[in-house]
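K.L.:
There's a structure below that I have some questions on.
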Amino acid sequence: MSDKNIFTSDISRRDVLKTGAKAGVVGASLVSAPFIISSSANAYTNDPGDAATVKLGFNVPQSGPYADEGADELRAFKLAVQHINGTGKDNGMLPTMKPISLKGNGINGKKVEFVTGDTQTKSDAARASAKSMIEKDGVVMVSGGSSSGVAIAVQGLCQEAGVIFMAGLTHSNDTTGKDKKANGFRHFFNAYMSGAALAPVLEKNYGKERNAYHLTADYTWGYTQEASIKKFTEDLGWNTVNAVKTPLAATDFSEYIAPVLNSGADVLVLNHYGGNMINSLTNAVQFGLRDKMINGKKFEIIVPLYSRLMAQGAGANVKGIYGSTNWHWSLQDEGSKAFVKSFGQEYGFPPSQAAHTCYVQTLLYADACQRAGTFNPCGVAEALEGHKFDGMGNGPTEYRAEDHQCFKDVLVVRGKENPSSEFDLLEVVEVTPRAQVEYAVDNEFFAGGELGQCNAG
Amino acid sequence: MFEKIKNNNTAIMVLFSIMVLAGPLIMAPFGAGYPDLLQRFAIYGIFAVGFNLLFGLTGYLSFGHAAFLGIGSYSAVWMFKLLTMNIVPAIFLAVLLSGLAALVIGYVALRRSGIYFSILTLAFAQMAYNLAYSVLTPITNGETGLQLSLHDARILDPVNTSGSLPSTNFFGAAMNATAKTELFGMTLQFNVGFYVCALILILAFYISLRIFNSPFGLMLRAIRTNQTRLNYTGVNTKPYTLAVFVISGMYAGLAGGLLACTDPLAGAERMQWTASGEVVLMTILGGAGTLIGPVLGSGFIKYFENIFSKINDTVLDGWFSFMPDSMADFFVTIVHPFVGKGWHLTLGILFMLVVIFLPGGLVEGATRIGQWIARKTGAAPESKANSTVISTVHKD
């Protein structure tokens with residue numbers, strides 16, 4: 001009974017000794033080989049050295065509630081790499097970006113290659129994917145992602161591993177607030193900026209006396225957006241009736257919508273994104289919330305963070321609903337037009353804000369490497385800190401050195417009443433100037449973290 | 001007889017240890033020789049070995065083992081935050097707390113057997129998962145996951161002035177330190193974290209082997225064969241099942257703690273039911289009730305998850321580039337749904353094939369190949385003896 005195991009064939013002691021001896025020889029030869037401790041011999045993690053190419057890692061959600069955004073981000077990354085290498089149909093934003101040191105022949109004379117991974121919108125999976133990119137594929141930069149939870153987790157990993165993290169779509173205050181890291185950079189705007197930009201528009205349209213009910217995605221982004229919107233609306237004089245957290249994995253929100261009807265609230269704030277927002281908004285409209293009159297006022301819904309992909313998913317339900325966005329393809333500046341054109345001729349439809357921010361981040365990274373003349377994360381970080389640029393779709397923009405957050409104008413948008421095409425779903429109501437959304441580094445919504453020092457591995 | 005078995009066990013341990021310790025060398029040609037994946041091989045190997053003690057020996061199918069994995073991870077990260085970055089206290093607390101949790105859950109769940117036991121454990125695991133997202137967020141940090149920060153106390157460690165997060169270490173040896181060397185054009189990466197996990201895996205495997213061969217293990221097999229008969233003969237089976245449930249839970253907690261040691265972050269996803277299901281798949285795929293099966297199964301699934309899922313169209317184009325264009329496109333189209341995002345599909349098909357044709361898992365497959373070779377070389381009688389042993393393993 002007791003010898004119930006798979007190695008029941010008789011292995012004699014001699015065989016074992018032989019195998020052991022062989023292993024010993026191999027082991028000894030390995031020990032005698034020159035050992036290189038990666039962190040001390042190279043100046044920095046994954047130094048490409050004399051190689052003709054350099055690798056970037058694009059870590060995006062290919063499954064889960066944000067898969068649509070992830071797919072669009074990947075399209076943008078591919079386009080960005082083509083433009084940096086000069087192998088695309090045109091040069092995208094390269095001609096409009098100011099200042100620029102990229103020449104359309106790669107970065108620092110090296111052609112750019114990339115690897116992709118699936119974050120699954122789970123911190124664990126995203127870190128495993130990023131880790132394999134850094135350890136196995138030897139990337140010098142990781143970018144992408146559509147969730148702040150993931151962005152913060154991967155940013156922490158990149159800080160430890162000594163590579164640069166160029167955040168994709170992440171809107172939580174914490175990414176450049178309490179969880180900011182010296183190796184991480186964010187182009188996207190944040191929840192606080194959304195609140196600052198939305199408040200005046202909400203006051204103008206809905207008045208000063210409103211009762212708001214929040215439904216909030218249950219993770220870092222949801223929390224900070226709820227807190228920011230609460231602050232700005234309560235400053236207007238609004239009252240917050242209730243704030244309920246909903247799981248990120250939820251697909252049916254009727255159980256959360258039903259209580260709103262009897263709460264006395266006349267505004268519903270959906271702190272949801274991607275598939276979550278599509279489902280919760282659809283549920284809310286099905287419950288007839290938008291046709292209700294409560295406290296003598298028409299019931300309204302607000303989606304503080306909007307994207308064209310979500311509007312497309314929610315269809316006619318988005319009509320007349322206000323929100324804010326980082327970028328929209330209908331913008332008429334040179335940078336936006338150039339990007340929409342090259343994205344359109346490659347894929348046949350306009351890019352989303354997620355695609356835009358990922359494209360811009362890749363170009364900004366490449367340009368910073370070129371300016372610094374190295375891929376060393378500390379050199380690149382120095383080149384990005386305080387960098388002012390223009391012509392990339394958001395007007396004059398600055399990467400603030402103190403927290404690695406981009407400061408630029410914010411768009412307030414509204415669901416269009418009469419869309420002319422399936423992509424023409426949002427209209428820009430107001431471009432809120434940078435000065436109105438800017439905040440001090442030690443703002444209470446961003447306090448508690450420390451940038452630390454750049455880590456080159 | 002005794003001498004022979006003892007020899008055999010030594011042989012198993014020596015072979016197993018060599019295979020595990022040579023991991024970076026063996027896995028490098030398969031593109032899997034990088035530290036993160038090697039660590040996962042070892043850690044999930046521990047998880048599956050522990051699960052197999054419960055499922056393989058007693059036949060109790062727990063569908064909530066991921067809860068212990070999660071508890072292990074959270075306790076380890078808290079030790080890193082409060083006490084020290086040395087992994088020893090972290091592992092100690094991980095094993096202790098998951099053992100306690102297993103005692104409580106096991107005490108309730110083991111009142112039932114069969115499907116009711118499975119459902120009870122699943123319910124407890126889902127409860128832990130949902131608690132981690134709701135009321136326990138001060139401890140678990142919700143969906144963001146529990147992470148280290150510069151301001152953590154770490155009362156045993158010297159004050160950190162470097163401005164960057166300290167890394168986990170084993171008495172000073174940083175877990176993420178890696179020695180690289182070139183061999184036949186491959187880069188071999190020897191990583192401290194992997195070797196710590198590997199040594200613990202070998203120890204865990206040895207304990208499992210001893211349990212398999214002990215009177216305790218025999219009693220567990222008896223429970224699996226016919227628990228009612230045992231009860232009629234006056235044997236109280238509850239202490240045995242509870243003991244093995246706690247041991248199994250501690251293995252899972254150890255694996256969870258090691259996950260946090262190699263990457264100091266704990267997320268509630270680790271406790272989701274899919275994670276519980278994964279370890280069941282690993283064990284069945286490799287061969288439930290066999291010693292080495294669960295380790296093989298976990299390696300297989302982790303390989304698929306990390307390597308197969310990375311094969312995209314660009315890689316496929318590379319594979320078929322030797323063919324004429326139209327033919328290459330054809331093959332890329334055929335293979336495309338099974339790799340990259342479709343790795344679940346391939347794994348699912350493989351799992352079905354294994355369950356249908358090799359009920360004993362990969363181990364049975366290996367045995368059959370072994371027998372076939374033995375027949376060819378004319379060593380038939382010996383292999384016949386083999387097959388009876390193997391088949392009883394799966395019948396009892």
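The values are calculated or read from the model by the stated rules, or taken from the named source; none is laboratory data. In this text, all values refer to a predicted model and were calculated from it rather than measured experimentally. In this analysis, Cβ positions are derived from the backbone assuming ideal geometry, glycine residues included, and neighbour counts consider all displayed protein chains. Keep in mind that these areas ignore ligands, DNA and RNA; they rest on the heavy atoms of the full protein, side chains included. Shrake-Rupley method; radii C 1.70, N 1.55, O 1.52, S 1.80 Å.
K.L.:
For A:THR397, state whether it is among the β-branched types (Val, Ile, Thr) and open to solvent by 10 Å² or more (accessible area, probe 1.4 Å). Steps first, please.
P.N.:
Working: among the β-branched types (Val, Ile, Thr): yes; open to solvent by 10 Å² or more (accessible area, probe 1.4 Å): no.
In short, no.
K.L.:
Can you tell me which of (1) of a type in the set (Val, Ile, Thr); (2) under 25 Å from the mean Cα position of the chain (by Cα); (3) over 28 Å from A:ALA250 (Cα atoms) is the one B:ILE115 doesn't meet?
P.N.:
(3)
K.L.:
Oh, and also: With the condition kept exactly as written, say whether any residue in the range A:168-180 is among the hydroxyl-bearing types (Ser, Thr, Tyr), open to solvent by 30 Å² or more (accessible area, probe 1.4 Å) and more than 24 Å from A:LEU331 (Cα to Cα).
P.N.:
No: the range A:168-180 contains no residue that is among the hydroxyl-bearing types (Ser, Thr, Tyr), open to solvent by 30 Å² or more (accessible area, probe 1.4 Å) and more than 24 Å from A:LEU331 (Cα to Cα).
K.L.:
When the range A:365-394 is examined, which residues are found to be among the polar types (S, T, N, Q) and either crowded, with 23+ Cβ neighbours inside 10 Å or not assigned by TED's automatic domain parsing to the domain that holds A:MET97 (or both)?
P.N.:
A:ASN394
K.L.:
Of all residues in the range B:94-126 being under 26 Å from A:THR220 (Cβ atoms) and away from chain A (no Cβ under 14 Å), which is modelled with the lowest pLDDT?
P.N.:
B:ALA125
K.L.:
Does B:ALA42 fit the bill of being part of a helix (DSSP H, G or I), of a type outside the set (S, T, N, Q), farther than 23 Å from B:SER214 by Cα and away from chain A (no Cβ under 13 Å)?
P.N.:
Here the answer is yes, as B:ALA42 does meet what is asked.
K.L.:
Restricting to the range A:241-273, and then to whatever is β-branched (Val, Ile, Thr) and open to solvent by less than 30 Å² (accessible area, probe 1.4 Å), can you tell me which residue is nearest to the other protein chains (Cβ to nearest Cβ)? Talk me through it step by step, then tell me what you get.
P.N.:
Let us first name the residues in the range A:241-273 that are β-branched (Val, Ile, Thr), namely A:241, A:244, A:246, A:251, A:257, A:260, A:267, A:269.
Narrowing the set further to residues that are open to solvent by less than 30 Å² (accessible area, probe 1.4 Å) leaves A:246, A:257, A:260, A:267, A:269.
Numbers: A:THR246: 11, A:ILE257: 19, A:VAL260: 20, A:VAL267: 25, A:VAL269: 19 Å.
The residue in question is A:THR246.
K.L.:
Tally the residues that are open to solvent by less than 40 Å² (accessible area, probe 1.4 Å) and assigned to a helix (DSSP H, G or I), restricting the search to the range B:100-136.
P.N.:
Residues meeting the conditions: 13.
K.L.:
Looking only at the range B:28-38, which residues are open to solvent by 10 Å² or more (accessible area, probe 1.4 Å) and either modelled with pLDDT of 90 or more or away from chain A (no Cβ under 11 Å) (or both)?
P.N.:
B:PRO29, B:PHE30
K.L.:
A further question on this structure: State whether the residues of the range A:423-431 include one that is open to solvent by less than 30 Å² (accessible area, probe 1.4 Å) and closer than 25 Å to A:LYS178 by Cβ. Even if it seems obvious, please write down each step before you answer.
P.N.:
Let us first name the residues in the range A:423-431 that are open to solvent by less than 30 Å² (accessible area, probe 1.4 Å), namely A:424-426.
Next, from what is left, pick out any that are closer than 25 Å to A:LYS178 by Cβ: none.
The answer is no, given that none of the residues of the range A:423-431 is open to solvent by less than 30 Å² (accessible area, probe 1.4 Å) and closer than 25 Å to A:LYS178 by Cβ.
K.L.:
Can I ask one more? Evaluate the range A:65-78: report whether one residue or more is outside any helix (DSSP H, G or I), at pLDDT 50 or above, surrounded by 20 or more Cβ atoms within 10 Å (Cβ to Cβ) and touching a Gly at 6+ places or on another chain (Cβ under 9 Å).
P.N.:
yes
K.L.:
Return the pair list, or none, for Cβ contacts closer than 8 Å from residues in the range B:158-169 that are within 15 Å of A:ALA161 (Cα to Cα) and at the interface with chain A (Cβ under 10 Å from one of its Cβ atoms) to residues that are basic (Lys, Arg) and open to solvent by less than 30 Å² (accessible area, probe 1.4 Å), at least 6 apart or on different chains.
P.N.:
Between residues of the range B:158-169 that are within 15 Å of A:ALA161 (Cα to Cα) and at the interface with chain A (Cβ under 10 Å from one of its Cβ atoms) and residues that are basic (Lys, Arg) and open to solvent by less than 30 Å² (accessible area, probe 1.4 Å), the close pairs are B:PRO166/B:ARG154.
Here is a yes/no grid of residues against (1) surrounded by 22 or more Cβ atoms within 10 Å (Cβ to Cβ); (2) among the hydrophobic types (A, V, I, L, M, F, W, C); (3) on the phi > 0 side of the Ramachandran plot:
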position	(1), (2), (3)
A:GLY313	no, no, no
A:ASN317	no, no, no
A:SER324	yes, no, no
A:TRP327	yes, yes, no
A:SER330	no, no, no
A:LYS341	no, no, no
A:PHE349	no, yes, no
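K.L.:
Could you list all residues from the range B:260-310 that are of a type in the set (Phe, Trp, Tyr) and without any contact (Cβ under 8 Å) to a residue 40 or more places away in the chain?
P.N.:
Listed by number, the list holds a single entry, B:PHE308.
K.L.:
Moving to a separate point now. Take the range B:219-237 and flag every residue that is touching a residue at least 60 places away in the same chain (Cβ under 8 Å) and either exposed (fewer than 14 other Cβ atoms within 10 Å of the Cβ) or among the acidic types (Asp, Glu) (or both).
P.N.:
The one that is touching a residue at least 60 places away in the same chain (Cβ under 8 Å) and either exposed (fewer than 14 other Cβ atoms within 10 Å of the Cβ) or among the acidic types (Asp, Glu) (or both): B:THR225.
K.L.:
Could you check the range B:39-75 and list, in sequence order, the residues that are of a type in the set (S, T, N, Q) and closer than 20 Å to B:GLU305 by Cβ?
P.N.:
B:GLN39, B:ASN52, B:SER73
K.L.:
Moving to a separate point now. Run down B:ILE139, B:ILE91 and say which single residue is in a helix (DSSP H, G or I) and within 15 Å of B:ALA252 (Cα to Cα). Full working, then the answer.
P.N.:
Values: B:ILE139 fails: within 15 Å of B:ALA252 (Cα to Cα).
When all the criteria are applied, what remains is B:ILE91.
K.L.:
Continuing with this model, one more query. Looking at the range B:140-156, is at least one residue crowded, with 20+ Cβ neighbours inside 10 Å and either more than 11 Å from chain A (Cβ to nearest Cβ) or farther than 30 Å from B:VAL104 by Cβ (or both)?
P.N.:
Yes, the range B:140-156 contains a residue that is crowded, with 20+ Cβ neighbours inside 10 Å and either more than 11 Å from chain A (Cβ to nearest Cβ) or farther than 30 Å from B:VAL104 by Cβ (or both).
K.L.:
Going through the range B:53-76 one residue at a time, which ones are open to solvent by less than 10 Å² (accessible area, probe 1.4 Å), closer than 14 Å to B:GLU278 by Cβ and assigned to a helix (DSSP H, G or I)?
P.N.:
B:ALA66, B:ALA67, B:PHE68, B:LEU69, B:GLY70
K.L.:
Restricting attention to the range A:90-138, which residues are more than 8 Å from chain B (Cβ to nearest Cβ), of a type in the set (Gly, Ala, Ser) and either touching a residue at least 12 places away in the same chain (Cβ under 8 Å) or surrounded by 24 or more Cβ atoms within 10 Å (Cβ to Cβ) (or both)?
P.N.:
A:GLY92, A:SER101, A:GLY104, A:GLY106, A:ALA126, A:SER129, A:ALA130, A:GLY138
K.L.:
Just checking, does the range A:275-298 include any residue being crowded, with 22+ Cβ neighbours inside 10 Å, in a strand (DSSP E or B) and in contact (Cβ under 8 Å) with a residue 24 or more places away in the chain?
P.N.:
No; the residues of the range A:275-298 include none that is crowded, with 22+ Cβ neighbours inside 10 Å, in a strand (DSSP E or B) and in contact (Cβ under 8 Å) with a residue 24 or more places away in the chain.
K.L.:
Please find, within the range B:298-314, the residue that is farthest from A:PRO61 (Cα to Cα) out of those that are open to solvent by less than 60 Å² (accessible area, probe 1.4 Å) and within 10 Å of another protein chain (Cβ to nearest Cβ).
P.N.:
Here the residue is B:LYS302.
K.L.:
Could you count how many residues in the range B:232-259 are in a helix (DSSP H, G or I), of a type outside the set (Gly, Ala, Ser) and over 10 Å from B:LEU69 (Cα atoms)?
P.N.:
10
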